[in-house]
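Inspection log for the structure reproduced underneath, given as structure tokens.
The values are calculated or read from the model by the stated rules, or taken from the named source; none is laboratory data. As the structure is a prediction and not an experimental result, all values here were calculated from the model. Quick reminder, even Gly has a Cβ in these numbers, built from the backbone with ideal geometry, and neighbours come from all protein chains shown.
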Amino acid sequence: MANPAAKTDPLEARLAGLTLPEGAVWARAARAAALTRLRGMGLPGKRDEYWKFTDPASLNQPTAPRAKCFVTDEAPPFSEMDRLRIVFVDGVFDAAASDDLVMEGVEIELLADAMARDIHWARDLYGVLETRGQSPVTRPHAALNTAYAENGVVIRATGRAPRPISLIYLHGSESSDAILHHVVKVEDGASLTILENGPAAARFSKSMEVEIGDEAAFHHIRLQGRDHERRAATHMFARLGARAAYKSFTLTVNGVLTRNEQVVELTGDNALAHIAGAALGDGATGDFHHDDTVFVTHDAVDCESRQVFKKVLRNGAEGVFQGKILVKPEAQKTDGYQLSQALLLDDNASFQAKPELEIYADDVQCSHGSTTGAIDEEALFYLRARGVPEGAATDLLVLAFLAESIDEIEDETLRADILTRLQGWLDRHRG
Amino acid sequence: MLEIKNLHVSLEEEDKEILKGVDLHVEAGKVHAIMGPNGSGKSTLSYVLSGKGGYEVTSGGATLKGADLLEMDPEERAAAGLFLAFQYPVEIPGVGNMTFLRTAVNAQRKARGEEEMTAAEFLKVIRAKAKELKIDADMLKRPVNVGFSGGEKKRNEILQMAMLEPSMCILDETDSGLDVDAMKLVAEGVNALRDEGRGFLVITHYQRLLDHIQPDVVHIMAAGRIVKSGGPELALEVEQNGYADILAEVA
């Protein structure tokens, strides 16, 4: 190996407990290639520029740090919705808790089944978007995921999916270390919504590769559960065809460490990508570190991308945003927008942002803004002077702050569900 | 209704006394006006009464219907019946005007142990009151005061007052920034609320507002004190001769 021993050793220690899963020839080759990629880059270190604000140590270490399982009597998210449920407990598919994997206009297979056979569209996608996403910035944990993931689903929508697919990630063991890899193909003109919710495990590595064909639409809504001690490193890789749409919203409350990476490539003209997130952390109920790292590449004409990330932090909670828009020379008439904002409810919370624009085309519109602020005292007094108690007035202002990200959720039922969760969190975390 | 006794107030940040012994008694059913030159402490008085931070009451007190105002949080004062129409209404992006008002109305009702208003009931009442103030449906839906003109902001204040039905209304330079028509509209809104159970304290620079809202008592405030009180004719005197004569007379 050409790599310095200092970088390889922790990696080999990390890999020692893992076994490359069996599968068809193509699958074994894809995994071996991922492993080679991983060995080439090594695990991320604190000194890596891309991990400057988030310490990867607990993601790198051989075993998952323990995390208590959160238990609540409350109805889980999306309960009221007609959806196809696919349940994983500590990263392992639970057939008994899941619905039959049958839906009109959609093919659904478990990853392990797909990788034992030769399903061409799965073969053409598994690890492919991840590989593309390794340049110009490396994402070692995504390569590790591609190499070792045994569980996950492969989904191919050939028409308009009649209802959302709901991936439910339950956390049952305090020491679970889960790796899930999903592959999604939305064929030309098709549409699909995927819902994800739950913490999944004490430590969770998740990749989703999404290929969106011409005039196809993919919607993604995610809630990362309420467990305080869980850790997660997730990757969304998406590639869009002409006039395709990708819309993703993530709500994160609690969690000692979350690193959500999104790598989105607009490769067909007139495509549109909206990526949004709201994260709320209160250090008083457990350490909280949330990192949104986004990389959007415009490689076609007249595409629109929008990033809207909001964070509400208090009592030592930490927020990170790293967002980049790369506009390639041919990507004329690009409309790129990026907003990352943090509302710090006290002096102990912190937010670090690294917005980046790299533009090689001359006829583009790109803007980015990043702000860190406190509750507007004038507005707070105005509300209180009208009789709204301080706690409720603060909540109103917090919700107003989050509104621009929540509004990215198109579906009203889903938006209402997210708002209910948000209000619940606010009620439990009155300052 | 509102009783202010020997009220002394300093700025918290700097050791500067703004109010130097204000005495004032506004009876139920009466309209009192306070006029005075810039920097006399008129707005400070309104802020201190409504509970804004940054001020320190060094002596004296203020009661509303016998209850100690200064001991209460701003929201408790509001629930007790105090209302301040702001000189500069605050813009709150992201909070809908309707949501805001309904939250306020119901928070006050809850604090007083009254039944909350249903959405339908609220809608009916606010539509009627908005119409009287020529506030259209679009303004109700928009975020609080965002993108409102000066006149719209002031009409929105009066709408809030009409919805909250306070017993003691303080209007802080509600006429500033209004043209004659807007001022008439605002004055009509205020006059519609005048009744025997309600007191008003109207703070203004100019006599012209008092043409439309007829005061029972006019006070002149200067250098943190009420220096002269009288009937409506006092306002006319200010209009004709300015404050100089009055200030010289009481000096």
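Tabulated results
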read-out	value
Test: residue in the range B:55-63 that is within 14 Å of chain A (Cβ to nearest Cβ), outside any helix (DSSP H, G or I) and under 30 Å from B:G230 (Cα atoms)	yes
Unique residue being charged (D, E, K, R), more than 14 Å from chain B (Cβ to nearest Cβ) and over 18 Å from A:L266 (Cβ atoms) when the list is A:D407, A:D347	A:D347
Criterion violated by A:R415 - all others in (1) free of Cβ contacts under 8 Å to residues at least 12 places away in the same chain; (2) crowded, with 21+ Cβ neighbours inside 10 Å; (3) not acidic (D, E) satisfied	(2)
Residues of the range A:201-221 satisfying the condition of being within 24 Å of A:P76 (Cα to Cα) and buried (at least 24 other Cβ atoms within 10 Å of the Cβ)	A:A201, A:A202, A:R203, A:F204, A:S205, A:K206, A:S207, A:M208, A:F218, A:I221
Selection count where residues are more than 30 Å from A:D113 (Cβ to Cβ) and either without any contact (Cβ under 8 Å) to a residue 60 or more places away in the chain or in a strand (DSSP E or B) (or both), scope the range A:57-95	6
Unique match (being over 18 Å from A:H181 (Cβ atoms), touching a Gly at 6+ places or on another chain (Cβ under 8 Å) and crowded, with 19+ Cβ neighbours inside 10 Å) among A:P62, A:P56	A:P56
Candidates B:K30, B:K20, B:K16, filtered to the one that is under 20 Å from the mean Cα position of the chain (by Cα) and not small (G, A, S)	B:K30
Enumerated strands (runs of 3 or more DSSP E) restricted to the range A:274-352, each holding at least 2 residues that are modelled with pLDDT under 95 and under 17 Å from A:R428 (Cα atoms)	none
Condition check for A:A379: more than 26 Å from A:A245 (Cβ to Cβ) and either small (G, A, S) or more than 10 Å from chain B (Cβ to nearest Cβ) (or both)	yes
Pairs with Cβ under 9 Å, 6+ apart, first in the range B:93-104 and more than 7 Å from chain A (Cβ to nearest Cβ) and of a type in the set (A, V, I, L, M), second part of a strand (DSSP E or B) and surrounded by 21 or more Cβ atoms within 10 Å (Cβ to Cβ)	B:L101/B:V144
Hits in the range B:67-92 - residues which are without any contact (Cβ under 8 Å) to a residue 40 or more places away in the chain, in a loop (DSSP other than H, G, I, E, B) and more than 10 Å from chain A (Cβ to nearest Cβ)	B:M72
Close pairs from the range A:181-200: first free of Cβ contacts under 8 Å to residues at least 40 places away in the same chain and surrounded by fewer than 23 Cβ atoms within 10 Å (Cβ to Cβ), partner polar (S, T, N, Q) and not in a strand (DSSP E or B), Cβ under 7 Å, at least 6 apart	A:E187/A:T158
Unique match (being within 14 Å of another protein chain (Cβ to nearest Cβ) and under 27 Å from the mean Cα position of the chain (by Cα)) among A:G391, A:G373	A:G373
Test: A:A33 is under 30 Å from A:H120 (Cβ atoms) and either modelled with pLDDT of 95 or more or surrounded by 13 or more Cβ atoms within 10 Å (Cβ to Cβ) (or both)	yes
Residue that is surrounded by the fewest Cβ atoms within 10 Å (Cβ to Cβ), among those in the range B:105-150 that are part of a helix (DSSP H, G or I) and touching a residue at least 40 places away in the same chain (Cβ under 8 Å)	B:K141
Matching residues, the range A:142-173, being in a helix (DSSP H, G or I) and either surrounded by fewer than 24 Cβ atoms within 10 Å (Cβ to Cβ) or among the small types (G, A, S) (or both)	A:A142, A:A143, A:A147, A:Y148
Residue in the range A:81-88 that is of a type in the set (F, W, Y) and closer than 22 Å to A:L414 by Cβ present	yes
Failed condition for A:G424, given (1) farther than 30 Å from A:H298 by Cα; (2) over 23 Å from the mean Cα position of the chain (by Cα); (3) more than 13 Å from every other protein chain (Cβ to nearest Cβ); (4) touching a residue at least 24 places away in the same chain (Cβ under 8 Å)	(2)
Criterion (part of a loop (DSSP other than H, G, I, E, B) and either of a type in the set (A, V, I, L, M) or over 30 Å from A:W425 (Cα atoms) (or both)) met by exactly one of A:G40, A:G23	A:G23
So B:K42, is it surrounded by fewer than 21 Cβ atoms within 10 Å (Cβ to Cβ), more than 9 Å from chain A (Cβ to nearest Cβ), within 26 Å of B:S229 (Cα to Cα) and in contact (Cβ under 8 Å) with a residue 24 or more places away in the chain	no
Test for A:L414: is it more than 14 Å from every other protein chain (Cβ to nearest Cβ) and on the phi < 0 side of the Ramachandran plot	yes
Only one of A:L167, A:L192 that is within 20 Å of A:T234 (Cβ to Cβ) and within 15 Å of the chain's Cα centre (by Cα)	A:L167
